[in-house]
Amino acid sequence: MYISDKWRDYALLDATDGHRLERWGNVTLVRPDPQVIWKMPPVHDGWQSYDGKYVRDGGGGRWDWKRTIAQWSIGYRELKFIIKPTDFKHTGLFPEQAANWDRMDALIRRHNRPVKLLNLFAYTGGATVAAAAAGASVTHVDAAKGMVAQARENAALSELADAPIRWIIDDCGKYVARKIRRGVRYDAIVLDPPSYGRGPSGEVWKLEDNLYDFLVGCKPLLSDTPCFVLLNTYTTGLSPSVMQSMLTAVFGTGHCESGELGLPIQSRGIVLPAGASAWWLP
């Protein structure tokens, strides 16, 4: 398991009965989590003194705020991120990805040469700013204009406004096809595809059905001197070993490994699974 245990500004304080209690800087949030299926008595007083709680409401949900906070920021190493709770319970950052940011940093610096990295389904840019801070030239691609805008804010907040980052608002499949036609290559590829979605023309994306073909489509983008390929997923039906097998099948010989991502629960002495990652290294 890849455990993100080096945070200072974030902590998973407790988790029980379908919810997690988290500290984001000086703000405490309660959010539902389907992985928390155990029902142990709460052991942290933050369950009563939280700042905001996401409450399920029919087919959706809403935030119940004891003190309203639209957005704030937290740091990880030299990186800074805006936290902006959404109507879908998300905060704009997945703290379990910190373990991957650390590894990317080490791999990029170890190459001791310019590394071109493509970040697909790049969301608010956690991997983008981590790679740019390590010295990579990054192309950040996401179809959601608001997510790309927040990613640019994160880069500026991390003092990377002038870093070599290209910000692309586009469907990832169309972007990949276009760059293959133009002969563009990258030394590293990061993919964080959604479980389900619809393209700009109404086409349906379902991870289990479409991921393998998408990876095959990405292979021509990898340079002759590759650094790594990183695949992330939050789809519980797609195991780390399946992700690893797909990377091996597509990218061939090299070192491939996979595992769950995890966040330590401070008050329990256990780890909450929070998605999975698979790595391909030459």
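The values are calculated or read from the model by the stated rules, or taken from the named source; none is laboratory data. Everything quoted here is computed from the prediction, not taken from an experiment. Because the Cβ atoms are built from the backbone with ideal geometry, glycine has one as well, and the counts that use them run over all protein chains shown.
List pairs: first in the stretch 70-94 and assigned by TED's automatic domain parsing to the domain that holds P34 and acidic (D, E), second part of a loop (DSSP other than H, G, I, E, B) and surrounded by 20 or more Cβ atoms within 10 Å (Cβ to Cβ), Cβ under 7 Å, 6+ apart or cross-chain?
E78/S158
Being assigned by TED's automatic domain parsing to the domain that holds G262 and farther than 21 Å from G262 by Cβ narrows it down to one residue among R67, R113, R62; which is it? Working first, answer last.
Working: R67 fails: assigned by TED's automatic domain parsing to the domain that holds G262; R62 fails: assigned by TED's automatic domain parsing to the domain that holds G262.
Result of the check over R67, R113, R62: R113.
Identify the residue in the stretch 242-259 that is surrounded by 13 or more Cβ atoms within 10 Å (Cβ to Cβ) and among the small types (G, A, S) and, among all such residues, is farthest from P220 (Cα to Cα). I'd like the intermediate steps shown before the answer.
Within the stretch 242-259, the first condition is being surrounded by 13 or more Cβ atoms within 10 Å (Cβ to Cβ), and the residues that meet it are 242-248, 250-251, 254, 256-259.
Cutting the leftovers down to among the small types (G, A, S) gives us 245, 254, 258-259.
On the way: S245: 19, G254: 16, S258: 23, G259: 26 Å.
Filtering the stretch 242-259 for residues that are surrounded by 13 or more Cβ atoms within 10 Å (Cβ to Cβ) and among the small types (G, A, S), the one farthest from P220 (Cα to Cα) comes out as G259.
Would it be correct to say that T139 is buried (at least 20 other Cβ atoms within 10 Å of the Cβ) and of a type in the set (S, T, Y)?
Details: buried (at least 20 other Cβ atoms within 10 Å of the Cβ): yes; of a type in the set (S, T, Y): yes.
Judged against the criteria, T139 is a match.
Check the stretch 198-209 and report whether any residue there is more than 18 Å from the chain's Cα centre (by Cα), on the phi < 0 side of the Ramachandran plot, touching a residue at least 24 places away in the same chain (Cβ under 8 Å) and crowded, with 20+ Cβ neighbours inside 10 Å.
Within the stretch 198-209, not a single residue is more than 18 Å from the chain's Cα centre (by Cα), on the phi < 0 side of the Ramachandran plot, touching a residue at least 24 places away in the same chain (Cβ under 8 Å) and crowded, with 20+ Cβ neighbours inside 10 Å.
In the stretch 144-164, is there at least one residue being in a strand (DSSP E or B) and either among the charged types (D, E, K, R) or at pLDDT 95 or above (or both)?
In the first step, residues of the stretch 144-164 are kept if they are in a strand (DSSP E or B); the result is none.
No: zero hits.
Could you check V55 against (1) of a type in the set (A, V, I, L, M, F, W, C); (2) within 25 Å of the chain's Cα centre (by Cα); (3) surrounded by 15 or more Cβ atoms within 10 Å (Cβ to Cβ) and say which number it fails?
(3)
Run V55 past the list (1) under 27 Å from A99 (Cβ atoms); (2) free of Cβ contacts under 8 Å to residues at least 40 places away in the same chain and report the number of the one that doesn't hold.
Checking V55 against (1) under 27 Å from A99 (Cβ atoms); (2) free of Cβ contacts under 8 Å to residues at least 40 places away in the same chain, the one that fails is (1).
Being over 18 Å from L221 (Cβ atoms) and in the same structural domain as T236 (by TED's automatic domain parsing) narrows it down to one of I169, I180, I165, so name that one.
Numbers: I180 fails: over 18 Å from L221 (Cβ atoms); I165 fails: over 18 Å from L221 (Cβ atoms).
Testing whether each residue is over 18 Å from L221 (Cβ atoms) and in the same structural domain as T236 (by TED's automatic domain parsing) leaves just I169.
Can K39 be described as under 18 Å from the mean Cα position of the chain (by Cα), surrounded by fewer than 18 Cβ atoms within 10 Å (Cβ to Cβ), in a loop (DSSP other than H, G, I, E, B) and not assigned by TED's automatic domain parsing to the domain that holds S267? If you could, list the steps in order and put the result at the bottom.
Details: under 18 Å from the mean Cα position of the chain (by Cα): no; surrounded by fewer than 18 Cβ atoms within 10 Å (Cβ to Cβ): yes; in a loop (DSSP other than H, G, I, E, B): yes; not assigned by TED's automatic domain parsing to the domain that holds S267: yes.
Taking the combined requirement at face value, the residue does not satisfy it.
Considering V190, V184, V204, V176, which residue is of a type in the set (A, V, I, L, M, F, W, C) and over 29 Å from A133 (Cα atoms)? Full working, then the answer.
Numbers: V190 fails: over 29 Å from A133 (Cα atoms); V184 fails: over 29 Å from A133 (Cα atoms); V176 fails: over 29 Å from A133 (Cα atoms).
After ruling out the rest, the residue left standing is V204.
Condition first: among the basic types (K, R) and either in contact with a strand residue (DSSP E or B) (Cβ under 7 Å, 6 or more places away or on another chain) or free of Cβ contacts under 8 Å to residues at least 60 places away in the same chain (or both). Now tell me which residues in the stretch 95-112 satisfy that. Lay out the reasoning, then the answer.
To start, the set of residues in the stretch 95-112 that are among the basic types (K, R) comprises 103, 109-110.
Listed by number, the residues that qualify are R109, R110.
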